[in-house]
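The values are calculated or read from the model by the stated rules, or taken from the named source; none is laboratory data. Computed from a predicted structure; not experimentally measured. Here the Cβ positions follow ideal geometry from the backbone for every residue, glycine too, while neighbour counts run over all protein chains shown.
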Amino acid sequence: MWKTLNPIWQTLILILLIAGAVPTIYFCGYKSSAKKAEAEKAEVIATYQTSALVAEQLYTEKLKAANEEKQRWFDFAQAQSRDLATAYQQIGRQAAQLEKQIDETVQKDGNRFNGLGTNSVQLYNRALGHD
């Protein structure tokens, strides 16, 4: 049938086929490339989101560890402050008791030339921890 057609018609049909095939091939190639690019884009986005999630989780873990460390130091400082306040109170009580004992001891010793009697020496030794 092709050979029976006029060469002009053959040429015209061939041109129309080529004119239809070229855009179709181009469009199919474009669509294929667009799908490939979209898949690559989706893969890059997924990789980015995964790495961002991992980084966020790591940051959260480090922040949690830092907060726990901060809380431990805060608790330690509070305990040290309590202990220090207790020690100051105890020292204050001991100092007040020692002052009272000094006055009483000096009264017991009486008026000595150098101010140190036997009771004063005993109190001095007791205050220094030499019982």
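Annotation note: of THR24, THR47, THR105, the sole residue that is under 30 Å from GLN122 (Cβ atoms) and polar (S, T, N, Q) is THR105.
Only one of the listed residues (TYR88, TYR59, TYR30) is within 54 Å of the chain's Cα centre (by Cα), more than 30 Å from GLY129 (Cβ to Cβ), surrounded by 10 or more Cβ atoms within 10 Å (Cβ to Cβ) and at pLDDT 80 or above. That residue is TYR59.
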